[in-house]
1. Please arrange Lys122, Lys44 by how many other C-beta atoms lie within 10 Å of their C-beta, fewest to most.
2. Quick one: Karplus J couplings for region 125-134, per residue in order, coefficients 6.51, -1.76, 1.60, θ = phi - 60°, nearest Hz, x for Gly and Pro?
Amino acid sequence: MDTVQATQGLGFGHFLLQTDAVGRAMLLLLALMSIASWVLVAHKGLVQMRRRHRGQAFLGLFWNASTLDQVRHELQTHGAHDPFSHLAAHALNAQAHHARHGATRLSEAGTAGEFVTRTMRKVLDEETLQMERGLTLLGTVGATAPFVGLFGTVWGVYHALVAIGISGAGTLDKVAGPVGEALIMTGLGLAVAIPAVVAYNAITRSNRVLAAQLDSFAYELHSFLTLGQAPGAGAAAGGEGVTKLRRVETAAA
């Protein structure tokens, strides 16, 4: 009967009461890591959903436009709110700027096509940095949370064994309870790390897909701006019929 009552007295609540400042610090650290990772996952998920919706809307408008002037007017009216429209707006502005002012600075040196290429590369780099923002935190939580939990477990086992040695009661029921409580920290570390790793992999894959789509769109857009016609434009429209934007005027507005 005493053994049953002693076992019922053990658990997470008893562990919180018995642990020292180091154990509580490990628990607090795991809690902060979990909160930060879930907030970041929710934020990145909402941003990616919004970005995907707006990007699809802009691509539909772009591939169904009759001229780049129509696309330029749409961007000037409603602005750029996704990576695709952001890239198109900067490329169109770079083309118009070079046509008006020429190469007056080192950053504008070269032909119009070279200037547009540099501008588009800069935008692609900015979008890549934007997409990867916060992934370091998720990767750090996924990699370190199990070790934080393991450290808490080792610390708890150490103090449990010291207390048992001092009391002189080395029976199994006296050892298993405190050691089992200490293992709670390992479980908490895994509970924090697993969602962070899953979210990190999912977000990374989504970013790779978006980056590949941006590269493809950048190639088509650059061909329109420099050649007046993009090869394979119909395929880039996602198979949604024949695009209207076949030949365009490359002169500045």
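1. Lys122, Lys44
2. Per residue, the Karplus-derived 3J(HN,Hα) values read 5, 4, 5, 5, 4, 5, 5, 8, 5, x Hz.
Bear in mind that the values in this text are calculations on the coordinates, not laboratory data. Nothing here was measured: the structure is a model prediction, and the numbers come from that model. Neighbour counts run over all protein chains shown; Cβ positions are idealised from the backbone, glycine included.
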